[in-house]
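Working notes, structure below.
The values are calculated or read from the model by the stated rules, or taken from the named source; none is laboratory data. What you see is a predicted model; the values in this text were computed from it and never measured. Cβ sites come from the backbone with ideal geometry, for glycine too, and all protein chains shown count toward neighbours. The area values use the complete protein model at the heavy-atom level, side chains included, leaving out ligands, DNA and RNA. Shrake-Rupley method; radii C 1.70, N 1.55, O 1.52, S 1.80 Å.
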Amino acid sequence: MTPENFGKKKSLVRLRKSWFSFLLFIAGILSIGFAVLLISWDVQNAYLWLVISSLALILFLWMLWGLLKDNYTIQTNTFSPIFGAGTNLTILRGIIIALLMGFVFSTRPDNWIIWVPGSLFTLAVISDYLDGYLARLTNHTTRLGEKLDTNLDGWTILIGSILVIQYGQAPWWYIFVGLARFIFIGGSLIRRQLKMPVYPLEDSVRRRAFAGAQMGLIAVLLLPIFSPPGTFWAASLFALPFIIGFLFDWAMVIGFPLSELLQKLPHNPADNVIS
């Protein structure tokens, strides 16, 4: 075994110890959360929250375990024995999202617990904005953190969109906002399986802004502040540009010359007048 491989093995062992620390932390959070809900909510919903959150956390920990081997720093391409501040915050965001998932399929609380889903989602959104900043601030950006962050973005919007629909704060078709990323990934995989071209998707400020707007909207809709029909109108207005942006991105991936067609459209209505 080369010194480099030996060093990576030791670093991986240390990372796995950190993983087990998160496992113990999660066990404690689940126990406390279940005890609080059992006292303040009805038994059926409390147990449902425990089961769904536990399954979500198991899947998250399994995904994190598989990504440990990718803990290479972007700056130096060296394997790091620690997660770093940014990745630690991303992991906490994954735990928060799993706890939020426990409220899916449950009836909406009618006491102080009604504030919990919206508060958890808000914490997830705040951590999403801070984890990348912390990683850059500490000069510890890793491939593991980037992959984890990308996966969690999609799940954050999906779980949030399910809950706002479940709580009657948005129309049923708003689920397409939550499913957009997964439809995009699934469609790309199908095209690759069929040997059809899949073109790279360039980074876009517009895409990040639309996703951020959806997260902000969902955070507001999950809090017991506003009610329909105003929330329906807000969800529709925010969803429209998001869906249009999704169609533009999909056109780019499949190679449809949408931008060229738009350039050929007349910019002045007078151009369409026949003299």
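Computed from the C-alpha gyration tensor, the three semi-axes of the ellipsoid equivalent to segment 130-198 are 27, 23, 6 Å, from longest to shortest. Model label sites at Trp62 and Thr150, defined 7 Å from Cα along the beta-carbon direction, differ in position by 2.2 nm.
On the basis of the beta-carbon distance and an R0 of 51 Å, Ala35 and Phe256 show a calculated FRET efficiency of 0.40. Note on segment 1-97: the alpha carbon radius of gyration divided by the globular reference 2.2 N^0.38 Å gives 1.35. Lysines near Lys195 by alpha-carbon distance under 26 Å, same-chain residues fewer than 8 away left out - which ones? Counting by Cα, and skipping residues close in sequence, Lys195 has these lysines nearby: Lys147.
Over segment 151-231, accessible surface divided per residue gives 52 Å², non-protein components excluded, 1.4 Å probe. Sorting the segments 163-176, 21-34 by their residues' average number of neighbouring beta-carbon atoms within 10 angstrom, most packed first, yields 163-176, 21-34. Distance distribution note for the chain: the fraction of Cα pairs above 35 angstrom is 28%. Placing a label point 7 Å from the Cα of Ser54 along the Cα-to-Cβ direction, the residues of segment 96-118 whose backbone N falls under 14 Å from that point are 102.
Given their separation in residues at 0.36 nm each and the Cα-Cα distance between them, Thr76 and Ile190 gain 37.5 nm when the chain is fully extended. For the chain, averaging the sequence separation of C-alpha pairs within contact (under 8 Å, six or more residues apart) and dividing by the residue count gives a relative contact order of 18 percent. Ligands, DNA and RNA left out, the accessible area of the chain computed with a 1.4 Å probe is 70% carbon and sulfur. One decimal place: the segment Phe182-Asp42 gains 47.0 nm when fully extended, by the rule 0.36 nm per residue minus the C-alpha distance. The overall shape of segment 108-243 is oblate: from the C-alpha gyration tensor, with semi-axes ordered a ≥ b ≥ c, the ratio a/c is 1.5 or greater and a/b is no larger than b/c. Based on alpha carbons, the Rg and Dmax found for segment 77-129 are 14.7, 51 Å.
Length, then width, then depth: along the principal axes, the Cα atoms of segment 41-197 run 52, 40, 24 Å. Solvent exposure of segment 1-133, expressed per residue, is 53 Å² of accessible area, with all protein chains present and a 1.4 angstrom probe. Of the residues Trp62, Leu189, Trp155, the one whose Cα sits farthest toward the positive end of the charge dipole of segment 54-197, with +1 on the Cβ of Lys and Arg and -1 on the Cβ of Asp and Glu, is Leu189. When the Gaussian network model of the chain links Cα atoms closer than 10 Å, the mean-square fluctuations of Lys69, Lys195, Lys17 top out at Lys195.
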